[in-house]
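S.K.: Right, I'll just put the structure down here and ask away after.
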Amino acid sequence: MISPRSAAARRLAMVREAIADRQLDGLLVSHLPNLRYLTGFTGSNGWLLLGIDRVVIFTDGRYEQQVTEQVPADLGAQFVVPRERLLSELADRALQEFTGAKIGFESQHISHSTWAKFHDEADAVDWQPVTGLVESLRAVKDDAEVAAIQQAAQIAVRALGEVLPIVEPGMRDAELAAELDHRMVLAGAERPAFDTIVVSGPRTALPHASTGSRGLASGDLLLIDFGACWNGYSSDLTRTFVLGDPDDRQREVYAAVLEAQDAACRALRAGVEAGAVDAAARGRFEKRGMADNFVHSTGHGLGLEVHEGPGLRREAEDRLEAGMVVTVEPGLYFPGWGGIRIEDDLLVTEGEARRLVDLERDRLQALPL
């Protein structure tokens, strides 16, 4: 019986097709999320030199055992673990096997100084800058990837449910963020997917404010932007609450954001331009005269990185495809008053997009004093 190919082997086959389409002979992968996606290797130092008929992975001595354990055998990979001067070893190997060949390199993921040094040592290779080659494949998730993101979202939601009952006036934003991070790890997360954002009162008008030491007070808006990482994949959710009973303006702004998110979610489906999803949310704000208070894009792709393609931003022309996982996160921000954002993680399908978790959003939730 022939065993099925690993996910890594299938992905390498797709990359090789993309390489051939660009009339390249190979690809040098330096971006660690791309390396993990293509080989399964999770070390903090690694390079992949990929040819049509060879896979060579370079790392350092810290990962000599790990790389052989994580990379599937069906890749037929060769492992190079120099004791020093890893880049020089990589350059030597490139010269040995690819002199005169056209090899792509990830120009957006390598510093100028590193590239200059490497290029000088391997100048007989015809290096060609490429952008987004692996990322374009990563944008469409397979079933296992979708399940991992969903698990990460479920962990985050569980942790939030455990934390909300302990919110009280006087608690500092930083305390609440630390408690949420702790609960996510206890619920099974590898770590928070990013620095958890907890802001309250007028500071909610800062879309991506850093969590501070402000103490919660009665009547405050409380914005929590959080996510968990599970098996390498990230979730990203936002909810806005109020301490005590919401006032009329808080209800009005929340209703506007909810309406915009509903419109964006209805527009989200395979075949639609990414910019059309942003336009759906922005159009709702324009009708209410609030468009100037929506200061960021409607969403972004989600996966091994918290922010990846596609971007749901103004005039983005990328066509959405079934299997993409994105955030939909419209918000309104009023300096001196505060802000409200609602964010969910959704799977793009041929029909109606599917939310990966069920988390209350139909009303502005009042947290008891």
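The values are calculated or read from the model by the stated rules, or taken from the named source; none is laboratory data. Keep in mind the model is a prediction, meaning the values are calculated, not measured. Cβ sites come from the backbone with ideal geometry, for glycine too, and all protein chains shown count toward neighbours.
S.K.: If I filter the stretch 170-185 for residues that are closer than 30 Å to T349 by Cα, touching a residue at least 60 places away in the same chain (Cβ under 8 Å) and surrounded by 14 or more Cβ atoms within 10 Å (Cβ to Cβ), do I get at least one hit? Break it down into steps so the answer makes sense when it comes.
M.R.: The initial filter retains those residues of the stretch 170-185 that are closer than 30 Å to T349 by Cα, namely 184.
When the remaining residues are screened for being touching a residue at least 60 places away in the same chain (Cβ under 8 Å), the result is none.
Within the stretch 170-185, none of the residues are closer than 30 Å to T349 by Cα, touching a residue at least 60 places away in the same chain (Cβ under 8 Å) and surrounded by 14 or more Cβ atoms within 10 Å (Cβ to Cβ).
S.K.: Within the stretch 316-336, take every residue that is farther than 19 Å from A263 by Cβ and not in a strand (DSSP E or B) and give me the one that is nearest to the chain's Cα centre (by Cα).
M.R.: Out of the qualifying residues, it is G323.
S.K.: Counting just the residues of the stretch 1-23 that are surrounded by 11 or more Cβ atoms within 10 Å (Cβ to Cβ) and not in a helix (DSSP H, G or I), which one comes out modelled with the highest pLDDT?
M.R.: R22
S.K.: Something else now. Looking only at the stretch 87-116, which residues are under 22 Å from L12 (Cβ atoms) and either of a type in the set (A, V, I, L, M) or touching a Lys or Arg at 6+ places or on another chain (Cβ under 9 Å) (or both)?
M.R.: Within the stretch 87-116, L90, A94, E97, A101, K102, I103, G104, I110 qualify.
S.K.: Looking at this structure, is R191 over 30 Å from V29 (Cβ atoms) and not acidic (D, E)?
M.R.: no
S.K.: Also, I was wondering about something else. May I ask you to list the residues in the stretch 69-92 that are surrounded by 18 or more Cβ atoms within 10 Å (Cβ to Cβ), out of contact with any helix residue (DSSP H, G or I) (no Cβ under 6 Å at 6 or more places or on another chain) and within 11 Å of L49 (Cβ to Cβ)?
M.R.: Result: A77, L90.
S.K.: How many residues are within 19 Å of the chain's Cα centre (by Cα) and part of a loop (DSSP other than H, G, I, E, B) if we restrict to the stretch 189-218?
M.R.: Residues that pass the stated criteria total 10.
S.K.: Within the stretch 38-52, is there a residue that is of a type outside the set (D, E), more than 18 Å from Q66 (Cβ to Cβ) and free of Cβ contacts under 8 Å to residues at least 12 places away in the same chain?
M.R.: no
S.K.: Quick check on T39: is it over 18 Å from V134 (Cα atoms), surrounded by 17 or more Cβ atoms within 10 Å (Cβ to Cβ) and of a type in the set (V, I, T)?
M.R.: Taking the combined requirement at face value, the residue does not satisfy it.
S.K.: So, one more: Looking only at the stretch 1-58, which residues are charged (D, E, K, R) and touching a Ser or Thr at 6+ places or on another chain (Cβ under 8 Å)? Quick ask: steps written out before the conclusion?
M.R.: Restricting attention to the stretch 1-58, the residues satisfying the condition of being charged (D, E, K, R) are 5, 10-11, 16-17, 21-22, 25, 36, 53-54.
Correct list: R36 only.
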